[in-house]
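Quick notes on the structure that follows.
The values are calculated or read from the model by the stated rules, or taken from the named source; none is laboratory data. Note that the structure is a prediction, hence the values are computed from the model and not measured. Glycine gets a Cβ as well: all are built from the backbone with ideal geometry, and neighbour counts include every protein chain shown. The area values use the complete protein model at the heavy-atom level, side chains included, leaving out ligands, DNA and RNA. Shrake-Rupley method; radii C 1.70, N 1.55, O 1.52, S 1.80 Å.
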Amino acid sequence: MLWIPRRSLTKSTWPGRYDCTVGGGMGLGETPKETIIRECTEEASLPSKFVKKYARSTGMLNFLNRSPSKWILPGIYYLYELRLPSDGVITPRTNAEDGEVDAFRLMDVEEVMQRLLQGQFKPSSAMALVDFCIRRGIILPESDPGYLDVCMAIRKPVVLPLP
């Protein structure tokens, strides 16, 4: 089961699309771990002490991103997993002050995969979720004829033409 947010309809980029549970830009001088702790608190109202103790780094992905003014920008996702207690004592909640998320839904992997295939996720978040499914053995070479192509596509280096 995965907690999946729907982006606010007022977001300038990908409004109303499904997203990763949390994410955001690193501040100057901020580490990836500090960023995930801050974003978990801001976007999902998760306790910072819990996130600091249990968030586990699982790698990184690079991608091309388009700014609201249509500039193409290289991006990097530092990926983390955070297993929440099954008793529901800690769950993501929207933060009205932050305003980035309309709601969180607990989805099973089958529903997430269906929505991914239907293009309902923000593209870079879809890439992170596909990476999760590969790492967890949900997408396998034995069951998916496009496995190799998918693995190569999400690991493709970002090359920008420079003078």
| field | Dipole of the chain, positive end: most advanced residue of ILE134, GLY146, THR58 [Cβ charges, Cα centre] | value | THR58
| request: Would you tell me the accessible area of VAL158, worked out with a 1.4 angstrom probe on the heavy atoms of the protein chains, in Å² to the nearest 10? | output: 50 Å²
| task | Calculate the dipole size of the chain relative to its Cα centre from +1 charges on Lys and Arg beta carbons and -1 charges on Asp and Glu beta carbons; express the result in debye to the nearest 20. | result | 280 debye
| remark: Ignoring ligands and nucleic acids, ASP149 exposes an accessible area, probe 1.4 Å, in Å² to the nearest 10, of 110 Å²
| said: Taking 8 Å as the Cα distance limit and 6 or more residues as the minimum spacing, I'd like the relative contact order of segment 1-136 as a percentage. | reply: 32 percent
| task | Could you go through segment 67-80 in sequence order and give the Karplus-derived ³J(HN,Hα) for each residue, using 6.51 cos²θ - 1.76 cosθ + 1.60 with θ = phi - 60°, rounded to whole Hz, and x for Gly and Pro? | result | 6, x, 8, 6, 6, 8, 10, x, x, 10, 9, 8, 8, 9
| field | Accessible surface, 1.4 Å probe, highest first, among residues ARG155, ARG38, ARG7 | value | ARG155, ARG38, ARG7
| task | Only Cα pairs under 8 Å and at least 6 apart count here; give the relative contact order of segment 1-71 as a rounded whole percent. | result | 20 percent
| task | Place the peptides 43-51, 115-123 in order of packing, highest mean first, counting for every residue the other Cβ atoms within 10 Å and averaging per peptide. | result | 43-51, 115-123
| message | I'd like the antiparallel share, as a percent to the nearest 5, of DSSP beta bridges with both residues in the chain. | response | 95 percent
| remark: By accessible area (1.4 Å), largest first, SER69, SER8 order as SER69, SER8
| remark: Interchain or sequence-distant (5+) residues whose placed amide H lies within less than 5 Å of the amide H of THR58 are LEU79, TYR80, GLU81
| remark: Placing +1 on each Lys and Arg Cβ and -1 on each Asp and Glu Cβ in the chain, then taking the dipole about the Cα centre, the residue among TYR78, CYS40, TYR18 whose Cα reaches farthest towards the positive end is TYR78
| request: Measure off, as a whole percent, the carbon and sulfur share of the 1.4 Å-probe accessible area of the chain, all protein chains present. | output: 57 percent
| field | Option label - P(r) over Cα pairs in 10 Å bins from 0, in percent computed here, alternatives [x] 9, 35, 36, 17, 2; [y] 9, 37, 39, 14, 1, 0; [z] 8, 25, 31, 22, 11, 3, 0 | value | [y]
| Efficiency of FRET between GLU111 and GLU30 - r from beta-carbon atoms, R0 35 angstrom, step 0.05 | 0.60
| In terms of solvent-accessible area of protein heavy atoms at a 1.4 angstrom probe, what is the ranking of TYR77, TYR18, TYR54, highest value first? | TYR54, TYR77, TYR18
| Lysine pairs in the chain with alpha-carbon atoms under 18 Å apart, 8 or more places apart or on different chains: how many are there? | 6
| task | Leaving out ligands and nucleic acids, note down the accessible area per residue over segment 56-163 with a 1.4 angstrom probe, in whole Å². | result | 67 Å²
| query | Each residue of segment 7-24 in turn: what ³J(HN,Hα) in whole Hz from Karplus with 6.51, -1.76, 1.60 and θ = phi - 60°, glycine and Pro shown as x? | reply | 5, 4, 5, 8, 5, 6, 10, 6, x, x, 7, 6, 9, 5, 4, 8, x, x
| task | Take the Cβ-Cβ distance between TRP71 and GLU142 as r, set R0 to 45 Å, and report the resulting FRET efficiency rounded to the nearest 0.05. | result | 0.65
| task | Starting at the first residue of segment 113-129, write each ³J(HN,Hα) from the Karplus equation 6.51 cos²θ - 1.76 cosθ + 1.60 with θ = phi - 60°, in whole Hz, x for Gly and Pro. | result | 4, 4, 5, 4, 5, 8, x, 8, 9, 4, x, 5, 6, 4, 4, 5, 6
| field | Expected 222 nm ellipticity per residue - DSSP helices of 4 or more, -39500 (n - 2.57), all of the chain, to 500 | value | -9000 deg cm²/dmol
